[in-house]
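Visitor: Take this structure first; my questions come after.
The values are calculated or read from the model by the stated rules, or taken from the named source; none is laboratory data. Predicted model, so just to flag it, every value in this text is computed and none were measured. FYI the Cβ positions are ideal-geometry reconstructions off the backbone, even for glycines, and counts take in every protein chain you see. These accessible areas exclude ligands, DNA and RNA; they are computed on the full protein's heavy atoms, side chains included. Shrake-Rupley method; radii C 1.70, N 1.55, O 1.52, S 1.80 Å.
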Amino acid sequence: MSLTRGARYMLLSTLFFALMNVCVKLLPHLPALEIILFRSVLSVVISYVTLRALNIRPWGTNHFFLIARGTTGALALILYFFTLQKMPLATAVTIQYLAPIFTAVLGIFIVREKVQPWQWVFFLLSFAGVLVVEGVDTRVDPLYLAIGVVSAVFSGFSYNSIRRLRGKEDPLVVVFYFPMVALPIAGVYCLFHWVPPQGLDWLWLLLTGLLTQGAQVCMTKAYQAEKLSSVANLNYIGIVYALGLGLVFFGETFRPGSYLGMVLVLVGVVLNTWYTSRQARAVPVAPTEEVVA
């Protein structure tokens, strides 16, 4: 089974995000919005300089969906970080993994992309694997649970906005709008809750920004190259990356039952990828205009 270009981009994006999480975990003493501020500044600078060097207009032309992408993406990230601080890590991460499912559901209405019945089975199989690995704390305050779900819904809207911009905006333009919205929000917060970084903090902040930029670019290319339902559930591979990186960098171990969860995640992802490839071969799709970054 060969991977499509969109699948390769999504797998790379998920790896970059997992490595970024390692850097964030090394900065537990810094406020979450301060980390967002640093990564937003770096992303704005890299995106703007690169776009100018490529002679591409940074502000784009499809402002509604560009602003929608930036706004919903920033709100999703801020709410997710809030849940990380207010509920058990495993529960916050598990709720966030609803995002690929919301992405596919919203895609039916926003970008008119049909999800095949079997694909819902594969999505649920992967999500069940996440539940097995992470578990859920049923004692969580319903308010924080609702905030976590809203964060996942905003992520779904954000990814659909990316899909709507396929062939209309360069991926770097789409990426540029995300930190443009997050930057002022994080900046205002940091005016009142600033914690000076020390020593190696600067290295982890730099790597956080660079990895985020790479992850956002690859994710944008993935969603612009393939149908949402074809690549969204590849996000679940992140749980496998997380377990492996946790073991290597932090000596974290996991229960034997977690192996079953990883198998379920992988089976769901592999089956969806195989099914998508099979459907693509069965029904030839006319070529569409695509922006080359």
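Visitor: Ignoring everything except DSSP H segments at least 4 long, calculate the 222 nm mean residue ellipticity for the chain; use -39,500 (n - 2.57) per segment, divide by total residues, nearest 500.
Guide: -25500 deg cm²/dmol
Visitor: If you don't mind, there's one more thing I want to ask. Accessible area per residue for the range 124-168 in Å², computed with a 1.4 Å probe and the full protein assembly in place, what is it?
Guide: On the way: 2070 Å² over 45 residues.
In whole numbers, the range 124-168 has 46 Å² accessible per residue.
Visitor: Using the Kirkwood formula on the Cα atoms of the range 131-175, what hydrodynamic radius do you get, in angstrom to one decimal?
Guide: It is 13.0 Å.
Visitor: Now for a different question. Please give the per residue accessible area of the range 1-91, computed with a probe of 1.4 Å over protein heavy atoms only, in Å².
Guide: Value for the range 1-91: 48 Å² per residue.
Visitor: Quick check: residue separation of LEU131 and VAL150 times 0.36 nm, minus the Cα distance between them. What number comes out in nm?
Guide: Here the segment from LEU131 to VAL150 would lengthen by 5.0 nm.
Visitor: If you count only protein heavy atoms with a 1.4 Å probe, what accessible area per residue comes out for the range 225-285, rounded to a whole Å²?
Guide: Averaged over the residues of the range 225-285, the accessible area is 51 Å².
Visitor: Under a plain spin-label model, where a point goes 7 Å from the Cα along Cα-to-Cβ, how far apart in nm are ARG112 and VAL263?
Guide: 4.3
Visitor: Could I have the simple spin-label model distance between LEU191 and LEU54, label points 7 Å from Cα toward Cβ, reported in nm to one decimal?
Guide: 3.4
Visitor: What's the Kirkwood radius of the range 145-259 in Å, using all Cα pairs?
Guide: Numbers: mean 1/r = 0.0585 Å⁻¹.
It works out to 17.1 Å.
Visitor: For a test of the definition: using alpha carbon positions, the gyration tensor, and the 1.5 limit on a/c, classify the range 48-203 as rounded, prolate or oblate.
Guide: oblate
Visitor: Same structure again: Where nothing but the Cβ of Lys and Arg (+1) and of Asp and Glu (-1) is charged, how large is the charge dipole of the range 105-188 around its Cα centre, in debye to the nearest 20?
Guide: 380
Visitor: Excluding residues fewer than 8 places away in the same chain, name every one of the lysines whose C-alpha is closer than 30 Å to that of LYS114.
Guide: Hits, sequence-local ones excluded: LYS168, LYS221, LYS227.
Visitor: Taking the range 1-117, how much of its Cα-Cα pair set, in percent, is spaced more than 18 angstrom apart?
Guide: The answer is 68 percent, as a whole percent.
Visitor: Whenever you get a sec, compute what percent of the accessible area on the chain sits on carbon and sulfur atoms (1.4 Å probe).
Guide: Heavy-atom surface of the chain belonging to carbon and sulfur, 1.4 Å probe: 70 percent.
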